[in-house]
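Encoded as structure tokens, the structure appears first; notes follow it.
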Amino acid sequence: MNFTGLKKFYSQPWAPAYLAFLAGFFILPYEQGRLHKNGFALFVILFVVVSFKTINWQCLKNSMILLIVLYLFFAAVSIFWSSHFEIALLFKYLALAVSTLVFCITPSYLNRVTNLSSVELLSQIFFVLFPVAVLSTVYSVISFYQLNALNQRLEFFGRLDGPITHSVVNALLILVSIGFLEQVRNWWWRGGIIFGIVLLGIGILLSQSRGPMLALCIALPVQLWLLKMYRSLIIIIILLGASILLFVNNTELMNLMTTRGTSLRPEIWSLIWQSMSGNMWLGHSILPEQRMSLPILGEVHHAHNLMIASFYHLGSLGLMLHLGIIIIWFKSILSLQNNQSKAVAFGVFAFTLIHFQFDGGILLTKPDVLWWGVWLPISWVLMEQNQVQIFKALKGNQ
């Protein structure tokens, strides 16, 4: 991006605030989560007040935006049929629904007011966040393994401190960074990005997070093929083959990856099905009336599958809305005109779809990994869809 583009981007007060919120996942310790959430709440309030008149309400005719709105607010009002109903909780989840929606449309707003192309805007965002994520991973590795053995699962620094949650974000940044790699002509910068990608990958391996690994091993070759990066594709296939042979022939590595088996996923899903009697249509609400309990695992706080979670909390109606979002998201990706954007969006979509079959609670949640793994990729696609004008033409930017 040239200097003029940078000036346009940072002249908008929402742009650095948006970047600061995303960077906060890596920089702020988990204990400061309230500060992170409250900071974004202030962003949402100011954004809604200042931008309300510029929103084109006709955008609700767009199927993806309509389904997102219906899902978020249906999840929020499900408080009404919870035995733990409180009016304060209703307002809390309605506010969270609005916050999630604002998070989804912020890139469209920035795209509109800066007149930057979608590729320029996304590259600006990710070339700021990428080094932050790499430095966070390096710091996490150094600080964690000073106190723990190398066979322990890496726990990261920052808001996404869990092995799985941080690995999901690392994987997404790997996919997006590879998508932008062809734009970088300077070989020093190019080498630095490749080195950063390797470090993010090492972080995923040290986390022993099988879901992100599996999803990345499938999504990355598909994305490289769509980007026509055939040499890189061959290298990745060779590395994957060598890695499989290494694991198969190394008992210690195999034990590290297989000791947890399926982590009781089938048992959890079976319990959810058993608990749905009498709640098939509307579910247990976003505030479950009971926690699932397994003899070995103890109390289970979420379904470990996003679609099953929608079914558990919001019943068949919520599951249909969830599936609708997935279908429309996929169709929207196919409709993108820019082949590079389409390839990256499809790679991220494939990763998200695969990984969240094994993890995740519900789509209406506090700022967490789902805001990176679901709502942020959806927001890119919304921005890319030129036919969807979320904001009216602003003065001086037509």
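The values are calculated or read from the model by the stated rules, or taken from the named source; none is laboratory data. These numbers were taken from a predicted model, which means no experiment stands behind them. Just so you know, the surface numbers come from the protein's heavy atoms only, side chains and all, with ligands and any DNA or RNA stripped out. Shrake-Rupley method; radii C 1.70, N 1.55, O 1.52, S 1.80 Å.
For the chain, what's the relative contact order in percent, using C-alpha pairs closer than 8 Å and at least 6 residues apart? Computed over the chain, the figure is 26 percent.
Between the range 331-346 and the range 64-107, the alpha-carbon centres lie 28 Å apart. In this model, which of K37/K392; K8/K228; K92/K342 are farther than 30 Å apart at the alpha-carbon? Beyond 30 Å: K8/K228; K92/K342. In this structure, the amide hydrogen of I55, modeled 1.01 Å from its nitrogen in the peptide plane, lies closer than 5 angstrom to those of K392, counting only residues at least 5 positions away or on a different chain. When mean projected area of the Cα convex hull in nm² is computed from the coordinates, the matching label among (1) 19.1; (2) 40.0; (3) 20.4 is (3). Of all complete DSSP H helices in the chain, those with a Cα span along the helix axis of 20 Å or greater and a mean Kyte-Doolittle hydropathy of -1.0 or more are 33-51, 63-77, 87-114, 118-145, 163-181, 187-207, 210-226, 230-248, 306-335, 339-355. Of the accessible area of the chain, computed with a 1.4 Å probe over protein heavy atoms only, carbon and sulfur atoms account for 67 percent.
Taking all protein chains into account, the per residue accessible area for the chain stands at 48 Å² (1.4 Å probe). Every helix of 4 or more DSSP H residues in the chain counts as -39500 (n - 2.57), and over all residues that averages to -22000 deg cm²/dmol at 222 nm.
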